[in-house]
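Working notes, beginning with the structure itself.
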Ligand SMILES: CC(C)(COP(=O)(O)OP(=O)(O)OC[C@H]1O[C@@H](n2cnc3c(N)ncnc32)[C@H](O)[C@@H]1OP(=O)(O)O)[C@@H](O)C(=O)NCCC(=O)NCCS
């Protein structure tokens, strides 16, 4: 398995993984919306994919300079179901964090309040809840704001 920068040739795979995965399906991410998110990130140059034997099995899309004012922002991450729990998501997060923390002091992300597995995944990687936005993407469900600071040297 290797992590490499995402490019145009990966758009199909990123869309396929995103629009067939929770929480994106529950949040109303149609195929068009998934593809728009993928194109925006890849055009800006900020995305990584995980590849196993030539097959794309996961991705992370992020912003470095134009997300939150004080730091970069993880826009979306997902790993093919059969590849989860093998360290792929952690490797993708590490690659995105390295790119963001080179320039900014914080990494921010939003995660749906019902996505408990992802919240645990982020907390185990040093992310702390710093707020929430009620009724953000789905009525009755909050988006939790999480932050990881650049480690002090
Ligand atoms: C969250 C996600 C990206 C993690 O990727 P991953 O490759 O399974 O992550 P890793 O193997 O590096 O780490 C798995 C860890 O998360 C936990 N975990 C969370 N969700 C899991 C899942 N669905 N399957 C397996 N492990 C999961 C494991 O217990 C493990 O903990 P550990 O590191 O303490 O052992 C992946 O589960 C996924 O694609 N989820 C669906 C999409 C999603 O929720 N994205 C986040 C939107 S904000």
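The values are calculated or read from the model by the stated rules, or taken from the named source; none is laboratory data. From a predicted model like this one, the values you see are computed outputs, not experimental measurements. Every residue, glycine as well, gets a Cβ built from its backbone with ideal geometry; the counts of neighbours run over all protein chains shown.
Observations on the structure shown:
- Of residues in segment 114-130 being surrounded by 15 or more Cβ atoms within 10 Å (Cβ to Cβ) and without any contact (Cβ under 8 Å) to a residue 60 or more places away in the chain, the one nearest to the ligand (Cβ to nearest atom): 121
- Unique match (being more than 10 Å from the ligand (Cβ to nearest atom), on the phi < 0 side of the Ramachandran plot and surrounded by fewer than 16 Cβ atoms within 10 Å (Cβ to Cβ)) among 52, 135: 52
- Of 79, 111, all but one fail to be closer than 28 Å to residue 9 by Cβ and within 8 Å of the ligand (Cβ to nearest atom); the exception is 79.
- When every residue of segment 60-78 is checked against the conditions, none turns out to be more than 21 Å from residue 146 (Cα to Cα), surrounded by 15 or more Cβ atoms within 10 Å (Cβ to Cβ) and more than 12 Å from the chain's Cα centre (by Cα).
- Against the list (1) at pLDDT below 95; (2) in contact with a helix residue (DSSP H, G or I) (Cβ under 9 Å, 6 or more places away or on another chain); (3) under 24 Å from residue 143 (Cα atoms), the condition residue 48 fails is (1).
- Given (1) surrounded by fewer than 20 Cβ atoms within 10 Å (Cβ to Cβ); (2) within 13 Å of the chain's Cα centre (by Cα); (3) within 11 Å of the ligand (Cβ to nearest atom), number of the condition residue 95 does not satisfy: (3)
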